[in-house]
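S.K.: Below you'll find the structure I mean.
The values are calculated or read from the model by the stated rules, or taken from the named source; none is laboratory data. Source: prediction; values computed, not measured. Cβ: placed from backbone, ideal geometry, glycine included. Neighbour counts: every protein chain shown. When the accessible area is computed, the model is the full protein with side chains, heavy atoms only, and any ligands, DNA or RNA have been set aside. Shrake-Rupley method; radii C 1.70, N 1.55, O 1.52, S 1.80 Å.
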Amino acid sequence: QVMLVESGGGLVQAGGSLRLSCEASGLIFKIKATGWYRQAPGKQRELVASITSRGTTNYADSVNGRFTISRDNAKDTVYLQMNSLNPEDTGVYYCAAETGDNQDWWGQGTQVTVSS
């Protein structure tokens with residue numbers, strides 16, 4: 001079992017920045033990739049960024065160049081640095097981990113609200 005706890009969400013003005021954190025615990029050694037997803041009101045959940053255990057990153061086109069995903073293995077934490085935020089970035093941000101046995105584990109989510 002893998003437990004994920006997100007933090008760092010909040011209210012920010014357009015153009016501002018936030019850094020989200022996702023701290024993992026449990027069977028961390030099984031994690032092969034971690035992703036940040038977001039869900040805006042009335043929309044489907046979408047992948048924002050991901051990072052593999054080897055450090056390979058991937059970004060949605062809508063955030064490429066503005067968001068950066070990174071990991072601190074010593075702290076078992078994955079970060080999402082979000083810059084140049086705009087109101088379209090508003091939503092609940094979830095951290096998810098995929099383990100080697102093809103299971104997905106999800107955090108509880110953290111709200112990000114960008115005001116115009």
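S.K.: Short version: what are the Cα gyration tensor semi-axes of segment 1-43, square root of 5 times each eigenvalue, largest first, in whole Å?
M.R.: Working: eigenvalues 134, 34, 16 Å².
In descending order, the three semi-axes are 26, 13, 9 Å.
S.K.: GNM on the chain, C-alpha springs below 10 Å: top fluctuator among Q39, Q81, Q103?
M.R.: Result: Q103 has the largest fluctuation of those listed.
S.K.: Based on the Cβ-Cβ distance of S53 and S84, what FRET efficiency does E = 1/(1 + (r/R0)^6) give at R0 = 25 Å, to the nearest 0.05? Could you put the intermediate results ahead of the total?
M.R.: On the way: r = 29 Å, r/R0 = 1.14.
Calculated transfer efficiency: 0.30.
S.K.: Can you tell me the Rg and the Dmax, both Å, for the Cα atoms in segment 70-116?
M.R.: Values for segment 70-116 (Cα only, Rg and Dmax): 13.4, 43 Å.
S.K.: Counting Lys and Arg as +1 and Asp and Glu as -1, what is the net charge of the other residues whose Cβ lies under 14 Å from the Cβ of K32? Intermediate values should be presented prior to the final figure.
M.R.: Values: positive: K30, R54, R71; negative: E98, D101, D104.
Summing Lys and Arg as +1 and Asp and Glu as -1 gives 0.
S.K.: Place a +1 charge on the Cβ of each Lys and Arg in the chain and a -1 charge on the Cβ of each Asp and Glu, then give the dipole magnitude about the Cα centre in debye, rounded to the nearest 20.
M.R.: On the way: 10 positive and 11 negative charges, 26 e Å.
Computed charge dipole of the chain: roughly 120 debye.
S.K.: Something else about it: Ignoring ligands, DNA and RNA, please state the percent of accessible area on segment 11-53 from carbon and sulfur, probe 1.4 Å.
M.R.: On the way: 1210 of 2430 Å².
Here carbon and sulfur together make up 50 percent of the probe-accessible area.
S.K.: Now for a different question. What does the charge count near D89 come to, summing +1 for each Lys or Arg and -1 for each Asp or Glu among other residues with Cβ under 9 Å from its Cβ?
M.R.: On the way: positive: R38, R66; negative: E88.
Computed value for this residue: +1.
S.K.: Which value, in debye to the nearest 20, describes the size of the charge dipole of segment 67-116 about its Cα centre when Lys and Arg Cβ atoms bear +1, Asp and Glu Cβ atoms bear -1, and nothing else is charged? Let's see the in-between values first.
M.R.: Values: 2 positive and 7 negative charges, 39 e Å.
Dipole size: approximately 180 debye.
S.K.: Once you place label points 7 Å from the Cα toward the Cβ at V5 and Q39, how far apart are they in nm?
M.R.: Each label point is offset 7 Å from its Cα along the Cβ direction, giving 2.2 nm.
S.K.: Compute the accessible area per residue over the chain, keeping the other protein chains in place, probe 1.4 Å, unit Å². If you can, show how the numbers build up before the last one.
M.R.: Values: 6270 Å² over 116 residues.
Spelled out: the 1.4 Å probe surface of the chain, per residue, equals 54 Å².
S.K.: I've got another one for you. GNM on the chain, C-alpha springs below 10 Å: top fluctuator among N58, N102, N83?
M.R.: N102
S.K.: While we're here: From the phi of every residue in segment 34-46, what ³J(HN,Hα) in whole Hz does the Karplus formula 6.51 cos²θ - 1.76 cosθ + 1.60 yield, where θ is phi - 60° and glycine or proline is x?
M.R.: Couplings: 10, x, 10, 10, 9, 9, 8, x, x, 10, 6, 5, 10 Hz.
S.K.: If the elastic network links every pair of Cα atoms under 10 Å, which of I51, I69, I28 fluctuates the most in the Gaussian network model of the chain?
M.R.: Of I51, I69, I28, the most mobile in the Gaussian network model is I28.
S.K.: Follow-up. Each residue of segment 91-100 in order: what ³J(HN,Hα) in whole Hz does its phi give by Karplus 6.51 cos²θ - 1.76 cosθ + 1.60, θ = phi - 60°, with x for Gly and Pro?
M.R.: x, 8, 9, 10, 9, 9, 10, 9, 9, x
S.K.: Please get the size of the charge dipole for segment 16-73, origin at its Cα centre, with Cβ charges of +1 on Lys and Arg and -1 on Asp and Glu, quoted in debye to the nearest 20.
M.R.: So the dipole magnitude of segment 16-73 works out to roughly 80 debye.
S.K.: With the contact rule set at Cα under 8 Å and sequence spacing of 6 or more, what percent relative contact order holds for the chain?
M.R.: Working: 288 pairs, mean separation 42.6, N = 116.
Reported as a whole number, the value is 37 percent.
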